[in-house]
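Take a look at the structure below.
The values are calculated or read from the model by the stated rules, or taken from the named source; none is laboratory data. As the structure is a prediction and not an experimental result, all values here were calculated from the model. Here the Cβ positions follow ideal geometry from the backbone for every residue, glycine too, while neighbour counts run over all protein chains shown. Just the protein is used for accessible areas: all its heavy atoms, side chains included, with ligands, DNA and RNA removed. Shrake-Rupley method; radii C 1.70, N 1.55, O 1.52, S 1.80 Å.
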Amino acid sequence: MPNQRQNMLAHLENPRFDAVVIGGGVNGIGVWRDLALQGLRVLLVERNDFASGCSAAPSRMIHGGLRYLENGEFDLVRESLAERDALLRNAPHLVRPLPTVIPIAGLTSGLFNAAASFFGWSGKPARRGALPIKIGLTLYDFVTRHRRQTPKHRFLSRSKTRAVFPALTRDARCAALYHDAWISHPERLCIEMIRDTLRDAPDAAALNYAEMALVDGCYYLTDLRGGKKMPVAPKVVVNATGAWLDETREALGADAPRMISGTKGSHLILRNDALLQALAGHMVYFENADGRVCIAFPYLGHVLVGSTDIRVDGAARTKCEPEERDYILGSLRSVFPDLTIDAGQIVFSYSGIRPLPQSDADFTGRISRGHYVQRLDGVVPQFCMVGGKWTTFRAFAEQAADEVLRELGQTRRGTTSDLSIGGGRGYSPTASLPVSEARATHLLDHYGAQAEEVLANCPEDDAPLFPGLPHTRGEIACLARSEFVQTLSDLALRRTSLAVTGSLTDAVIDALADVLAKAQDLTPDEIAAQRAMLVAELNTYHGQALTLSEDKKERSIECA
């Protein structure tokens, strides 16, 4: 067992905590970080790996939510834009501006969508025309006028639209250009927040692969890696388990009506050079025939496309189904009709359940993306974090932390609104590193200002993990020792971009397994089991079917 995990388990020798946060996604990590920085002794508990649920399956947009305006959610848009700009300041190594184009076919269509929502209409919105889009983007610019991080919006004529985006559908009478933002490695941002917090608040503790249970009126934590069971005595519990919130609430002894109404969202990563070129560095934000807003933007050398929005009855791990794949590809063909777009270009697919507030809306796009905190009585008070989205995690965490502080009679010491995250502190994209330009670019893009720390932990005779890949063996070993890695899947899917970029051949997995086994002193049987588990996970949930030859180098990919 790595020393890092032993150190975390040692914190539980004193079972008394001011708060225990259940759920190690971005919202749980956010509230745990906030409470720890207020001087509380806080424990974070995650049943699987950190940021392995819905937090690993977002659109990878950091955005204000332009379409939320038609739902009348003006406060949510204002909050989202403020948080978007805060992330651009605090994590510039991972969150970057994203120029966005909206192809527009009409003039006034959709003008009364927002007005209708105020009267309880929850049906499918009309196609958005130039006028309502202009109103929405003007509000966007107005809200961000004081601490603007991105340029103002502008409109392109039909001829200018064709000149800049020649492959775009000819139905576009004009186009709107504005900026939001995107996040390159959402799971890495979560890990960096955990590492920052443990450095600045050494009384805090965080455990992945651990479970909390209520037994005979007492709480116990089970280490799922080692099997040890330990008592935990919190003053309050924060339930940040997202789509699993209601199940967790019941298991921890609190009774209440159902609070979560989940919808499933699936995304594809495509290797399509013609499409990548057609995007010209922009995200295309467009409507499908059913009124659902879809997106496509350049992502780590490929194209990210999404998404679906399907009601689900309960929480479970999900995958991109064939009908969802066809829906996403079909929507993309409608906006780029002259390009060849097919399932053979998919290098990765992923799906997650959005933990939205309970709703009876007919059209899932009408379900609020807002959030609130619900206090429930139980063995100890339980604070449930209901709803939320990636962009607003910090504000939601602060809101939940304020409720906990009030319950405990504590005073807030400060805010996290201007607190740099991980490699965002002192980050410069042109920083000089004593390595090749390509290697420096990779390190800065993944670790920001912490690239020097990673380099310092790599040996002088460091070698590439595999020919053609930017990662090195020393770099992977460093991650395995210092970033709470417990399995090969943690490394492949969340600490690196190897899986999401379609770089995981059978031989690359073998190289990754070899480094992890040596870094954590795993037996051949242990690493073989982890390797099999990763391959099964890729096949089942990410549409990657590994076809093994004798030399283990052949590979095919299909959407599962």
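Scanning residues 5 or more positions from G502 or on other chains, none has an amide H under 5 Å from its amide H, with H placed 1.01 Å from N in the peptide plane. Distances between placed amide hydrogens fall under 5 Å for V232 paired with Y219, Y220, L221, all partners being 5 or more residues away or on another chain. The largest accessible area among K228, K160, K319 belongs to the first residue in K228, K160, K319, and the rest follow in falling order (1.4 Å probe, all chains). Once the mean of 1/r is taken over each pair of separate Cα atoms and inverted, the range 241-330 shows a Kirkwood hydrodynamic radius of 15.3 Å. Note on the range 381-476: Rg/Rh from Cα positions, Kirkwood definition for Rh, rounded to two decimals, is 1.18. In the complete set of protein chains, residue-level accessible area for S503 is approximately 30 Å², probe 1.4 angstrom. The Stokes-Einstein estimate for the chain, based on a Kirkwood radius over Cα pairs and taken at 25 °C with 0.890 mPa s viscosity, is a diffusion coefficient of 101 µm²/s.
Computed over the alpha-carbon pairs of the range 424-466, the distance histogram in 5 Å steps reads 5, 23, 36, 24, 9, 3, 0 percent, short to long.
Counting every C-alpha pair in the range 471-551, the share spaced more than 15 angstrom apart comes to 52%. Computed log10 I(q)/I(0) for the range 126-264 at 0.09, 0.10, 0.11, 0.19 Å⁻¹: -0.60, -0.69, -0.76, -1.23, from the Debye equation with unit scatterers placed on every C-alpha and solvent omitted. Expressed as a whole percent, the accessible area of the range 188-254 that falls on carbon and sulfur atoms is 50 (1.4 Å probe). Of the residues M283, T241, C320, the one whose Cα sits farthest towards the positive end of the charge dipole of the chain is M283 (charges of +1 on Lys and Arg Cβ, -1 on Asp and Glu Cβ, taken about the Cα centre). Summed over the residues of the chain and divided among them, the accessible surface reaches 39 Å² per residue at a probe radius of 1.4 Å. Projecting the Cα atoms of A213, G227, G23 onto the charge dipole of the chain (Cβ charges, centred on the Cα centre) puts G23 farthest toward the positive pole. For the listed peptides 405-411, 40-46, a ranking on the average number of other beta carbons within 10 Å per residue, highest first, reads 40-46, 405-411.
Rounded to the nearest 20, the size of the Cβ-charge dipole of the chain about its Cα centre is 1980 debye, with Lys and Arg at +1 and Asp and Glu at -1. Computed over the range 1-73, the alpha-carbon pair-distance distribution with 10 angstrom bins reads 16, 35, 29, 13, 6, 0, each value a whole percent.
Taking the Cα-to-Cβ direction at E247 and at D360 and moving 7 Å from each Cα, how far apart do the two end points lie in nm? Simple spin-label model gives 2.6 nm for this pair. Please work out the FRET efficiency for the pair R481 and R89, using the Cβ-Cβ distance as r and a Förster radius of 35 Å; give the result to the nearest 0.05. Calculated transfer efficiency: 0.70. The share of accessible area on the range 416-512 that comes from carbon and sulfur is 54 percent, using a 1.4 angstrom probe. In plain terms, the bigger the Kirkwood radius, the slower the diffusion; for the range 259-378, with that radius from Cα pairs, at 37 °C and 0.692 mPa s, Stokes-Einstein puts D at 211 µm²/s. Its alpha carbons considered, the range 180-328 gives a radius of gyration followed by a Dmax of 20.6, 61 Å. Packing, as the average of other Cβ atoms within 10 Å across residues, places the peptides 135-143, 462-470 in the order 135-143, 462-470, highest first. A 1.4 Å probe, protein heavy atoms only, puts the accessible area of W244 near 70 Å². As a calculated quantity, the FRET efficiency between F142 and D216 at R0 = 60 Å, using C-beta atoms, amounts to about 0.60. Computed from the Cβ-Cβ distance with R0 of 41 Å, the FRET efficiency linking R158 to Q6 stands at 0.05. Take the Cα of S417, step 7 Å toward its Cβ, do the same at R16, and the gap between the two points is 3.5 nm. Amide H to amide H distances under 5 Å link I62 with A181, W182, I183, where only residues 5 or more positions off or on other chains count and H is placed in the peptide plane. Rank Q149, A204, L538 by how far each Cα sits towards the positive end of the charge dipole of the chain (+1 on Lys, Arg Cβ; -1 on Asp, Glu Cβ) and give me just the farthest. The residue sitting farthest along the positive end of the dipole is Q149. Taking the chain as the region of interest, the number of lysine pairs whose Cα atoms are within less than 27 Å, with members eight or more places apart or on different chains, is 17. A simple charge model with +1 on the Cβ of Lys and Arg, -1 on the Cβ of Asp and Glu and nothing else charged puts the dipole of the range 53-113 at about 280 debye relative to its Cα centre.
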